[in-house]
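Values in this text are rule-based calculations from the coordinates and carry no lab data. Since we're looking at a predicted model, the values are computed, not measured. Reconstructed Cβ throughout: ideal geometry from the backbone, glycine too, with neighbour counts over all protein chains shown.
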Amino acid sequence: MSRIPLPYNPKVMELFRNPKNLGKLDDATIVAVAGNPACGDMITFYLKINEQTYVIEKAQFESYGCAANIATSSIVTEMIKGLTLKATWTDITWQKVTEEIGGLPSVKFHCGVLAVGALKRAIRKYFNAHGGEPAWMPKENTFEEKQALEEEELANTLSKRLKSEEEKSP
Ligand code: FES
């Protein structure tokens, strides 16, 4: 069966082919992963944070997701460089990232949501490891963080189901 290619815009294709800030960051202050290695849709953010000013000095990523995930993660790393953690938290939403990239096919919105979910997880993780969450950070997970968790739970359920089907088959 042939597949119809998704209508990605040229900016998405360019960032997919030549992603900026791709790869591990050895001097990262915080590293956060979102997604599920079992299904391959996984993203890791590496942030180098100035611990006096809370400014993000460097941001890199690794992604095993699709073109939309790679492109959105790449643009996220560009958008957040030089921002404080607070500004990053409040300004970077999946809608803004999707807009910045020139739009995504609606079936691919969740890939951008996953990228922002990983970013917010990294920021929350940083504060949890450094004296607790600040007053401006909501106690409850944001939409993007919840979506990342849901995708992880769904992927886990599917991979368990597949494993048990495999074990049952002769
Ligand atoms: S990251 Fe899974 S389909 Fe895009």
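Within 10 Å, count the other beta carbons around each residue, average over each peptide in 69-75, 57-63, and list them highest first. It would help to have the intermediate numbers written out before the result.
Numbers: 69-75: 27.0, 57-63: 21.1.
So the peptides 69-75, 57-63, ranked by packing, come out 69-75, 57-63.
In whole Hz, what ³J(HN,Hα) sequence does the stretch 104-112 give by Karplus (6.51, -1.76, 1.60; θ = phi - 60°), x for Gly and Pro?
9, x, 4, 5, 10, 4, 5, 5, x
What Kirkwood radius, in Å to one decimal, follows from the Cα pairs of the chain?
16.7 Å is the Kirkwood radius here.
Under the definition of Cα pairs under 8 Å and six or more residues apart, what whole-number percent is the relative contact order of the stretch 10-168?
On the way: 259 pairs, mean separation 39.6, N = 159.
Value for the stretch 10-168: 25 percent.
Would you work out the relative contact order for the stretch 7-84, in percent, from Cα pairs under 8 angstrom that are 6 or more residues apart?
Numbers: 141 pairs, mean separation 25.7, N = 78.
Computed value for the stretch 7-84: 33 percent relative contact order.
Please list 3J(HN,Hα) in residue order for the stretch 122-128, calculated via the Karplus relation 6.51 cos²θ - 1.76 cosθ + 1.60 where θ = phi - 60°; whole Hz, with x for glycine and proline.
Per-residue couplings from phi come out as 4, 5, 4, 4, 4, 5, 5 Hz.
For L83, which sequence-distant residues (separation of 5 or more, or a different chain) have an amide H within less than 5 Å of its own amide H, given hydrogens modelled in the peptide plane?
Amide H neighbours of L83, under 5 Å, 5+ apart: I56.
Please list, in order along the stretch 7-19, the HN-Hα scalar couplings obtained from phi with the Karplus expression 6.51 cos²θ - 1.76 cosθ + 1.60 (θ = phi - 60°), rounded to whole Hz, x for Gly and Pro.
So the Karplus estimates, Gly and Pro as x, are x, 6, 7, x, 5, 4, 5, 5, 6, 5, 6, 10, x Hz.
Across the stretch 33-92, how large is the tail of the calculated P(r) beyond 12 Å, expressed as a percent of all Cα pairs?
Beyond 12 Å sits 66 percent of the P(r) for the stretch 33-92.
Using a 10 Å cut-off on Cβ atoms, rank the peptides 134-146, 7-19 from the highest mean neighbour count down. Walk me through the numbers before you get to the answer.
Values: 134-146: 12.9, 7-19: 15.2.
Taking the mean over residues of other Cβ atoms within 10 Å, the ranking is 7-19, 134-146.
With runs of 4+ DSSP H residues as the only contributors, calculate the mean residue ellipticity of the chain at 222 nm using -39,500 (n - 2.57) per run, divided by the residue total and rounded to the nearest 500. Walk me through the numbers on the way to the answer.
Working: 6 runs with 83 residues, N = 170.
Estimated from H runs of four or more residues: -15500 deg cm²/dmol.
Quick one: check the C-alpha center-to-center distance for the stretch 154-170 versus the stretch 110-143, whole angstrom.
Between the Cα centre of the stretch 154-170 and that of the stretch 110-143, the gap is 31 Å.
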